[in-house]
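K.L.:
Sharing a structure here in C-alpha cells format.
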Amino acid sequence: GAGMGMTAPMSITAFPAEDGSFQQKVKVSLRIPSQFQANPPCPTDESIKIEERQAMTIYSTQFGGYAKEVDYVSHAARLKAALGSDAAYRKDFYLCNGYDPPMKPYGRRNEVWFVKE
C-alpha cells in the first residue's frame, strides 16, 4: 500500500542467447528508495522479490535515445568487442539500465553493464 514512485536506474538482467539476443527470461529490477531500504514494504505479489544487490565492479558503455532490445544487444556486442578476450567478466548475463522516465524526449541515458569476475 506504500507508493514509492519510479526510481532510477530501471535495470533489466538479460541472459543472452548464442546470437546475442535476449532469451525469453529477463529479470527487471527497480531500486528501492533510500527511505524504504532499512525496512522495505513486503510485496503482495508472489512474483515480486526483494533482493540485495551486492557490490560489483562493472565494465560499462553509455548511449542515448529510447532504448529497445536491439539497442542493448548492439551496445553489448560493441562493449564485448572493445574489451577483447583479455577482460574477465560474467558471460551468462549482463545488465541493461535506463535512467529516464518515458516522457523525457531528449538527453536520455542508457547503459550496458558487464559484471567483472
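The values are calculated or read from the model by the stated rules, or taken from the named source; none is laboratory data. Because the structure is predicted, anything quoted here is derived from the model rather than measured. Cβ sites come from the backbone with ideal geometry, for glycine too, and all protein chains shown count toward neighbours. Just the protein is used for accessible areas: all its heavy atoms, side chains included, with ligands, DNA and RNA removed. Shrake-Rupley method; radii C 1.70, N 1.55, O 1.52, S 1.80 Å.
K.L.:
For the range 20-56: of the residues being touching a helix residue (DSSP H, G or I) at 6+ places or on another chain (Cβ under 7 Å) and not hydrophobic (A, V, I, L, M, F, W, C), which is most open to solvent (accessible area, probe 1.4 Å)?
P.N.:
Selected residue: SER21.
K.L.:
How many residues, within the range 1-19, are more than 17 Å from VAL70 (Cα to Cα), surrounded by 10 or more Cβ atoms within 10 Å (Cβ to Cβ) and either touching a helix residue (DSSP H, G or I) at 6+ places or on another chain (Cβ under 8 Å) or small (Gly, Ala, Ser) (or both)?
P.N.:
Matching residues across the range 1-19 total 2.
K.L.:
Counting only residues that are of a type in the set (Lys, Arg) and over 14 Å from GLU117 (Cα atoms), which one in the range 76-103 is most open to solvent (accessible area, probe 1.4 Å)?
P.N.:
Ranking the candidates gives ARG78 first.
K.L.:
Against the definition (of a type in the set (S, T, N, Q), modelled with pLDDT under 90 and either in a loop (DSSP other than H, G, I, E, B) or under 22 Å from VAL115 (Cβ atoms) (or both)), how does GLN23 come out, yes or no?
P.N.:
In short, yes.
K.L.:
Could you please tell me which pairs satisfy a Cβ distance under 9 Å, a separation of 6+ or placement on different chains, a first residue in the range 18-32 that is among the aliphatic types (A, V, I, L, M), and a second residue that is open to solvent by 80 Å² or more (accessible area, probe 1.4 Å)?
P.N.:
Close Cβ pairs (under 9 Å, with a partner that is open to solvent by 80 Å² or more (accessible area, probe 1.4 Å)) amount to LEU30/MET6; ILE32/ILE50.
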